[in-house]
Amino acid sequence: MITKYFDVNPLEIEYGKTDEAAKILLSGGLVAFPTETVYGLGADCENKDAVKSIFTAKGRPMDNPLIVHVSDIAMCEKYVSHIPETAELLMNKFWGGPLTIVMKRSKFAIDEVTAGGDTVAIRLPSHPVAHALIKAAGKGIAAPSANLSGKPSPTTAEHVKEDFDGKIPCIIAGGKAEHGLESTVIDLSGERPMVLRPGVISLDMIKELLPDAVYGGGGEGIPKSPGMKYKHYAPDAKVIVVKGDMKKEAENCSGKVLFMDYEDMRSEYEEGSFLSVGQDDTSYAASLFWLLRLADSKKADFVLAKDPRGGMPVSDALCNRLYKSAGGNII
Ligand code: TXA
Ligand code: MG
């Protein structure tokens with residue numbers, strides 16, 4: 001298959017391109033598109049076969065439900081049985097933006113999207129290109145991150161190409177993803193608001209509106225956000241998170257070692273072995289997946305990643321993704 005490649009400037013959208021991509025979607029094809037978190041791999045959320053083809057393309061387990069992306073609240077209403085008051089509060093404050101809300105589904109949210117469950121996850125992205133695409137499609141776009149299952153999520157169209165060139169009909173390029181980590185997922189379908197996946201919108205920010213919100217789902221028993229139980233964000237290189245002395249840990253690694261650390265530590269490392277995460281956890285989060293893919297392109301055997309310093313809204317989410325990419329290897 002030849003992949004159509006559209007370059008769309010988010011500040012000056014050429015609607016001819018997003019309209020053509022929407023046509024591909026509506027005819028059952030997959031379209032990768034930029035969002036402010038990571039790139040998504042989209043399908044018409046009401047088309048069973050199209051949605052199923054997302055799972056095949058990614059190699060994603062079928063029991064892991066997808067997020068429906070909408071361009072306005074009216075579109076959201078179509079896919080949920082009703083919008084709870086708690087959701088309204090969050091939507092007013094954080095939509096469009098990196099927050100996904102799980103609510104009771106309507107009949108328009110099909111089993112292929114919800115993995116057969118009675119809830120559906122909805123997100124209204126802020127990225128202008130994502131917005132233009134969904135609006136042109138006129139219905140929800142089901143989209144996971146546009147990476148092969150298990151790989152770091154894509155923050156540029158180049159990453160999407162690495163995984164899907166020749167395998168899907170269309171990729172829209174729209175610049176580097178601003179946040180670099182996937183959206184916060186909050187479940188508002190139960191008694192108590194539960195953050196199932198941390199993200200840029202932190203639990204503390206949510207608690208200002210919903211004081212009884214808690215982290216949940218990742219504990220014992222069956223995870224509520226099924227995606228969280230799978231191997232994730234892993235490059236080919238072995239990632240080790242280091243709380244102490246990076247150089248000392250490197251002595252235990254054989255092969256090519258790259259060091260991922262804050263910019264102010266640059267002088268500690270040899271040029272060529274240093275991957276800068278910038279000045280703080282916000283820049284660390286924005287560059288994490290990008291650097292993990294860069295490490296693979298440099299054929300690293302090991303990535304020693306400095307344990308995040310903490311103290312920023314995104315720090316929980318950063319630790320969550322980094323620790324997973326390390327498969328829990330933290331020393
Ligand atoms: O930022 C993002 O959220 C990106 C962009 C493309 O929007 N998308 C994304 O999708 O990260 P994905 O499929 O990689 O992650 C979706 C997460 C998974 O952990 C999944 O289990 C959870 O959301 N999820 C989806 N529907 C759910 C539901 N009905 N109940 C609970 N968890 C759900
Ligand atoms: Mg993903």
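Tabulated data for the structure shown
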read-out	value
FRET E, pair Ala74, Asp165, Förster distance 35 Å, beta-carbon r, rounded to 0.05	0.50
Percent breakdown of C-alpha pair distances by 5 Å bin, ordered from the shortest bin, for region 18-58	6, 26, 32, 23, 13, 1
Pair Lys48, Ile330: separation of 7 Å Cα→Cβ label points (nm)	4.3 nm
Angle between the chain longest axis and helix 315-325 axis [Cα atoms, degrees, rounded to 10]	80 degrees
Potential extension, Asp296-His82 segment - 0.36 nm per residue separation minus Cα distance	72.6 nm
Cα shape, region 1-102, gyration tensor, a/c 1.5 rule	oblate
Crossing angle, helix 128-137 versus the chain [Cα axis fit, 0-90 degrees, rounded to tens]	30 degrees
Kirkwood hydrodynamic radius of the chain, from inverse mean 1/r over distinct Cα pairs, in Å	20.1 Å
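Laboratory data are not the source of any read-out in this text; all were calculated from the coordinates shown. Fair warning: this is a prediction, and the values are worked out from it, not measured in the lab. We place every Cβ from the backbone using ideal geometry, glycine too, and count neighbours over all the protein chains shown.
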